[in-house]
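Here the structure comes first, spelled out in structure tokens, and everything after it is commentary.
The values are calculated or read from the model by the stated rules, or taken from the named source; none is laboratory data. The structure displayed is predicted, hence computed values, not measured ones. Reconstructed Cβ throughout: ideal geometry from the backbone, glycine too, with neighbour counts over all protein chains shown. With ligands, DNA and RNA removed, areas are computed over all heavy atoms of the protein, side chains included. Shrake-Rupley method; radii C 1.70, N 1.55, O 1.52, S 1.80 Å.
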Amino acid sequence: MRFYIRTFGCTANNGDSKRIEALLEARGGVSVDQWMNADTVVVNTCTVTKRTELNVIRFIKKMQEANKTLILAGCMTAVWPDTLGKKKDFLQIITPRSIDTLPQPAGIDGVIGVVNIAQGCLGDCTYCIVKGARGDLVSAKLDDITSTVRRFVDLGMRELRVTSQDCSAYGRDGGGIDLSDILKAVSSIEGDFKVRVGMMNPDTLLPILDDVILAFKADKIFKFVHIPVQSGSDRVLAMMRRGYTAREFELIVDKFRSAFDDMILSTDFIVGTPYEREEDFEASVELLKRTKPEKVNITRFSPRPGTPAAAMTDIPERVKKDRSRRLTKEYRNLLKGQDKFVGKVFDVIATQRGIRGGVITRDDAYRYILVRDGLEPGEDARVKVTESRAVYLVGEVV
Ligand code: SF4
């Protein structure tokens, strides 16, 4: 069997794809890097927004027209939208819950490893379909996590992505340890690697904040802090059932910023939820301006089947588009500050090939610096920034 895996969605899904790859290789399959050269195509799906769902369905239809044998995986297998058709159309269906039974994976580009520390979450957010797909929190055992990390380090990986739907919920399903213990355990493992910590929700992070900040001080942890806030309005956050206030998010950000002179704050905003009024949206704009995140994911709300928000009156698409455009404009204004890095020199790790050539490198704050020549994934280098682009930097080896 010659197989190709197409992954949609989050880091956790990329980690799952590596386990599916290991499964099919264990069955004697050969992985190919283009779907045209495959007889079997694995579609690892995501359904977090309507737009993503439509992209997935479009790809599946294309593969069916090309008479490919299909294996389906990911969140769609758990929520099965009508647009997906019949289960008999697929050779095999691999649900998110069954992933843990699959063989351990190899690396992404050979130097990036995804370490899933838990499945599911504690949340009950009114807009979210992932809860329906991934369910309640199930934390992985500490020994399984550290043995995965040791194996990745032995394989020569340099960047390890610790991930789950909500990393700071880790251990809240029993076991008496939390995310800070995981980060300390991973940081104490011998080897030349660095760790990127995945999403942490403010409500589960707040109770363990000081311990997590202490754990982030380890040299092995990238000073990259991803905390999805979703809205700057307490009224909207309550309607989303997020479990925190904008002030609490700001308090978390302030504590991280006072602990680390050089760090990257990454956050997420959803605009155009059914209950968002103009003043609520303005509160999101003001929060963005006050906290100055270096990386922002902005999503237009789309009603997801089976979620409480889908039963509410949706607001016009033009209003969503307008708010998304306005928040993006404010974010781009913040990014202008990146110019200050031109001429600066950073010690980096080369971690991945750029889509259009070159190699992506990461400094201690996980800044994205593209180097066109003279580097291979896995190498260390000293890089001087020569250009500042919209959302990344360009540099050369010095
Ligand atoms: S925490 Fe909320 S948004 Fe995140 S996966 Fe769980 S229900 Fe969805």
Could you tell me which of the residues Ala259, Ala246 is open to solvent by less than 10 Å² (accessible area, probe 1.4 Å) and either at negative phi or within 21 Å of the chain's Cα centre (by Cα) (or both)?
Ala246
Looking at (1) buried (at least 18 other Cβ atoms within 10 Å of the Cβ); (2) within 16 Å of the ligand (Cβ to nearest atom); (3) outside any helix (DSSP H, G or I), find the lone condition where Asp124 falls short.
(1)
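The rows are residues; the columns are (1) in a loop (DSSP other than H, G, I, E, B); (2) open to solvent by less than 10 Å² (accessible area, probe 1.4 Å); (3) under 20 Å from Leu122 (Cβ atoms).
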{"site": "Leu237", "(1), (2), (3)": "no, yes, yes"}
{"site": "Lys255", "(1), (2), (3)": "no, no, no"}
{"site": "Phe269", "(1), (2), (3)": "no, yes, no"}
{"site": "Thr273", "(1), (2), (3)": "yes, yes, no"}
{"site": "Glu282", "(1), (2), (3)": "no, no, no"}
For region 1-21, the count of residues that are outside any strand (DSSP E or B) and charged (D, E, K, R) equals 4
Please verify whether Ala133 is farther than 27 Å from Met263 by Cα and either open to solvent by less than 20 Å² (accessible area, probe 1.4 Å) or assigned to a helix (DSSP H, G or I) (or both), treating the condition exactly as stated.
yes
Can you report the number of residues in region 224-235 which are surrounded by 20 or more Cβ atoms within 10 Å (Cβ to Cβ) and away from the ligand (no atom under 14 Å from the Cβ)?
4
Taking Arg382 and the conditions (1) crowded, with 19+ Cβ neighbours inside 10 Å; (2) in contact with a Phe, Trp or Tyr (Cβ under 9 Å, 6 or more places away or on another chain); (3) not aliphatic (A, V, I, L, M), which numbered condition does it fall short on, given that it satisfies the others?
(1)
Kindly indicate whether Ile315 is within 24 Å of the chain's Cα centre (by Cα), under 30 Å from Thr126 (Cα atoms) and surrounded by fewer than 21 Cβ atoms within 10 Å (Cβ to Cβ).
no
For region 183-203 the number of residues that are under 18 Å from Thr11 (Cβ atoms), away from the ligand (no atom under 16 Å from the Cβ) and of a type in the set (A, V, I, L, M, F, W, C) is 4
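A quick yes/no check of all residues on (1) more than 13 Å from Gly232 (Cα to Cα); (2) of a type in the set (Lys, Arg); (3) at pLDDT below 95:
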site: Thr273; (1), (2), (3): no, no, no
site: Glu276; (1), (2), (3): no, no, no
site: Val285; (1), (2), (3): no, no, no
site: Arg304; (1), (2), (3): yes, yes, yes
site: Lys329; (1), (2), (3): yes, yes, no
Against the definition (of a type in the set (Gly, Ala, Ser), open to solvent by less than 30 Å² (accessible area, probe 1.4 Å) and more than 14 Å from the ligand (Cβ to nearest atom)), how does Ser180 come out, yes or no?
yes
Give the residue, chosen from Ile369, Ile360, Ile349, Ile355, that is in a loop (DSSP other than H, G, I, E, B) and among the aliphatic types (A, V, I, L, M).
Ile355
Hits in region 146-157 (condition: open to solvent by less than 30 Å² (accessible area, probe 1.4 Å) and either within 18 Å of the chain's Cα centre (by Cα) or among the polar types (S, T, N, Q) (or both)):
Thr146, Thr148
Within the bounds of region 204-223, is there any residue that is in contact with a Pro (Cβ under 9 Å, 6 or more places away or on another chain) and either away from the ligand (no atom under 16 Å from the Cβ) or of a type in the set (A, V, I, L, M, F, W, C) (or both)?
no
Of these, Asn37, Asn55, Asn67, Asn14, which one is at positive phi and surrounded by fewer than 21 Cβ atoms within 10 Å (Cβ to Cβ)?
Asn67
Take the residues in region 81-105 that are hydrophobic (A, V, I, L, M, F, W, C) and open to solvent by 50 Å² or more (accessible area, probe 1.4 Å); name whichever of them is nearest to Gly132 (Cα to Cα).
Ile93
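Residues are listed down the side, and each one gets a yes or a no for (1) closer than 28 Å to Gly358 by Cα; (2) assigned by TED's automatic domain parsing to the domain that holds Leu179:
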residue: Gly29; (1), (2): no, no
residue: Asp33; (1), (2): yes, no
residue: Ala38; (1), (2): yes, no
residue: Ile60; (1), (2): no, no
residue: Leu70; (1), (2): no, no
residue: Cys75; (1), (2): no, no
residue: Ala78; (1), (2): no, no
residue: Lys88; (1), (2): no, no
residue: Gly113; (1), (2): yes, yes
